Amino acid sequence: MKKILLGLGGVAVGLTALGAVAVRLPSVQDRLFDRALEKNFKPRAAALWTGDGLGVFFCGTGSPLPSLKRAQTCTAIFAGGRFFLVDSGTGSWENVQRAGIPGDRLDGIFLTHFHSDHIGDIGEADLGSWVAGRAAPLMIYGPTGVDRVVNGLNEEFALDHAYRTAHHGKAVAEPRSAGLAFTQFDGAGEARVFERDGLIVTAFAVKHDPVSPAVGYRFSYEGRSVVVSGDTAFSDNLVEASKGADVLIHEAQANHMVEKMQAAAAKAGNARLAKILGDIPTYHTSPTDAARAANDAGVGDLVLTHLTPAPDNAVAKRLFLRGVDDIRATHVKLAEDGMAILLPKDGGLEFQSY
Ligand SMILES: [Zn+2]
Ligand SMILES: [Zn+2]
């Protein structure tokens, strides 16, 4: 037996050595690169925009606290061939591209509020969808203040747009469809902010003081519904607006972990970081409170996102979710970048990963 194992080990070493030699050959390098390109350029994730109900793709599940595995906040919603983002945090457009989602199909971005971790990648989303063939300026929906964000970004990227047109020509970079447009609403109470071909988007005020306005969104299509909380402390408005939704995508901050981080920062002499970590618990929702909100609203599934701090290994995940089981034992998930949810119109729900 030992001899056989030793023999197999020898074969494995031999193959590895052969592989190391092979990748030095230009013909092998070319073949591997061509194969990778073929795979990358193929449109993928088609189930998201060809489905007859709603689709969700997590393009960013992190927060301002850094994570190597998560872009900042972004949730993509698909309905009847339309494709929207809710927020566009730094690094999130790369996840959209990596999943093979065609950028030209982007119909707009709904902003929950204007913290940097929600707006950092709007410029990338604009440019990426524009050169991919978007036919009109990208519509940015948001509460009062969205005009300032859009006007500022249009100014910031005006030179870049001009360079692209000069370089690639109008057939690829048409100036009339470059940049951003906006639809602004006051963000107080609850209001229908989009309605077309059966897709209804409702905005509702949440609690993120001193950030105001701050909103969440409910997407309803073909009898299915998904709610995105935005950034909020436990919010009665959110519970009301989420009643009976299929999926509640709720932000979550593990305050029991943040408290430990605050103490560690203070101990290390970083008073500034300790002060910031001490300020944030009151304007976010703990995982257990998010579970409570999901139960109160009677939603089907709860998916936690905007994870603070990012739980990027098995131990951190358990620690993050401590106490949630006692409140909601099933139908709770931590979002990951690249995760998707399909909600067909006839019911049911399927998690996928791209
Ligand atoms: Zn925020
Ligand atoms: Zn945030």
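Rule-based calculations on the coordinates, nothing more; no lab input. Please read all numbers here as calculations on a predicted model, not as lab measurements. Positions of Cβ are backbone-derived with ideal geometry, glycine not excepted, and every protein chain shown enters the neighbour counts.
What the table below lists for this structure:
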item	result
Ordering of 215-223, 176-184 by packing [mean C-beta count within 10 Å, highest first]	215-223, 176-184
Nitroxide proxy distance, nm - points 7 Å out along Cα→Cβ at GLU94 and LYS243	4.3 nm
Relative contact order [Cα under 8 Å, 6+ residues apart], the chain, whole percent	16 percent
Environment charge at ALA135 (Cβ cut-off 10 Å; Lys +1, Arg +1, Asp -1, Glu -1)	0
Highest to lowest packing among 280-290, 149-159, scored as the average C-beta count within 10 Å	280-290, 149-159
Top of PHE185, PHE41, PHE78 by mean-square fluctuation, Gaussian network on the chain, Cα under 10 Å	PHE41
Among 329-338, 197-206, the order from most to least packed when residues are scored by Cβ within 10 Å on average	197-206, 329-338
Note, ³J(HN,Hα) from phi for region 230-236, Karplus 6.51, -1.76, 1.60, rounded to Hz, x at Gly and Pro	x, 8, 7, 6, 3, 10, 5
Label-point separation in nm, GLU38 to GLU350, each point 7 Å along Cα→Cβ	2.6 nm
Region 49-353 - convex hull of alpha carbons, volume per residue in Å³	131 Å³
Using a Förster distance of 45 Å, the FRET efficiency for THR16-ASP160 (Cβ separation, nearest 0.05)	0.50
Nearest-0.05 FRET efficiency for THR282 and ALA316, computed from C-beta distance (R0 25 Å)	0.65
From phi via Karplus (6.51, -1.76, 1.60), per-residue ³J(HN,Hα) for region 39-48 in Hz, x at Gly/Pro	5, 6, 7, 6, x, 10, 6, 4, 4, 5
